[in-house]
1. Taking only segment 4-48 into account, find how many residues are at positive phi and more than 9 Å from the ligand (Cβ to nearest atom).
2. State yes or no: is A55 surrounded by fewer than 20 Cβ atoms within 10 Å (Cβ to Cβ), within 16 Å of the ligand (Cβ to nearest atom) and closer than 20 Å to K5 by Cα?
3. Pairs please, first residue from segment 194-207 and assigned to a helix (DSSP H, G or I), second anywhere and buried (at least 16 other Cβ atoms within 10 Å of the Cβ) and not hydrophobic (A, V, I, L, M, F, W, C), Cβ atoms under 6 Å, 6+ apart in sequence or on different chains.
4. Condition first: under 17 Å from H114 (Cα atoms) and assigned to a loop (DSSP other than H, G, I, E, B). Now tell me which residues in segment 7-59 satisfy that.
5. Out of A191, A198, report the one residue that is more than 21 Å from L81 (Cα to Cα) and either small (G, A, S) or under 16 Å from the mean Cα position of the chain (by Cα) (or both).
6. Tally the residues that are without any contact (Cβ under 8 Å) to a residue 60 or more places away in the chain and out of contact with any strand residue (DSSP E or B) (no Cβ under 7 Å at 6 or more places or on another chain), restricting the search to segment 76-127.
7. Which one of S101, S33 is surrounded by 14 or more Cβ atoms within 10 Å (Cβ to Cβ), polar (S, T, N, Q) and modelled with pLDDT of 95 or more?
8. Name the residue, out of A134, A191, that is touching a strand residue (DSSP E or B) at 6+ places or on another chain (Cβ under 8 Å) and not charged (D, E, K, R).
Amino acid sequence: MTERKANIAVLVSGGGTNLQALIDAQISGRLASGQIRLVIANNPEAYALQRAEAAQIPGKVITRKDSGSQEVFEEAICEMLEAYDTDLIILAGFMSILSASFTKRYEKRIINVHPSLIPSFCGKGFYGLRVHEAALAKGVKVTGATVHFVNEVPDGGEIIMQKAVSVCEGDTPEVLQQRVMREAEWIILPAAAEKVCAEIISKETKG
Ligand code: GAR
């Protein structure tokens, strides 16, 4: 009998380096309790789609613009998630806020990686490079990354893992972003995914 793994869908918008970290963790066995079955991009140009293709993972494009409304957009995502029997949704640089009705439907089944130590530099308007610009403007000496469950409050769900990263003299937002990814995001996202997948499987076995 093959061992049951949690079915993972990864939602992306851009470069997909966090998706790559998940794929690499799956190959190396660090992500053992889950299997990436599907990648959904809300942007047809997302390089993450090429990473999915190279790893032979189905990649689908669902855009808010083509959907016409947030409701239709989310319904299309849900249909795809159901078609792939998704157990866990991972937001890996997904730059679209999901509605409360979506997040309620998947309570404790959506995780997100955010490039700061929440509750600093998070919430509406804080995404991508903007987070690092704000951290440098404030003059913090330590920043980092957080993986958390997603609920109706942007970046407000329960924290699963965090890792601190030093800010260095002369850092630009781009340099800091790369360090936070390399030293924190690419490490804690696969680790948190493994933790949550293992919990999903263990709850099933216990009934
Ligand atoms: C990552 O730094 C991720 O933490 C951030 O966008 C980048 C995506 O990079 N996400 C957010 O800001 C969400 N609020 P990637 O496409 O290379 O993984």
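1. Taking segment 4-48 first, the residues at positive phi are 16, 29.
Retained after the next criterion (residues that are more than 9 Å from the ligand (Cβ to nearest atom)): 29.
Within segment 4-48, residues that are at positive phi and more than 9 Å from the ligand (Cβ to nearest atom) number 1.
2. yes
3. E194/S33; C197/S33; C197/G34; A198/S33; I200/D87; I201/S33
4. Of everything in segment 7-59, those that are under 17 Å from H114 (Cα atoms) and assigned to a loop (DSSP other than H, G, I, E, B) turn out to be S13, G14, G15, G16.
5. Step by step, each of A191, A198 is checked, and only A191 is more than 21 Å from L81 (Cα to Cα) and either small (G, A, S) or under 16 Å from the mean Cα position of the chain (by Cα) (or both).
6. Counting residues in segment 76-127 that are without any contact (Cβ under 8 Å) to a residue 60 or more places away in the chain and out of contact with any strand residue (DSSP E or B) (no Cβ under 7 Å at 6 or more places or on another chain) gives 22.
7. S33
8. Exactly one residue qualifies, and that residue is A191.
The values are calculated or read from the model by the stated rules, or taken from the named source; none is laboratory data. All values reported here derive from a predicted model rather than from experimental measurement. So basically every Cβ, Gly included, is an ideal-geometry build from the backbone, and we count neighbours across all protein chains shown.
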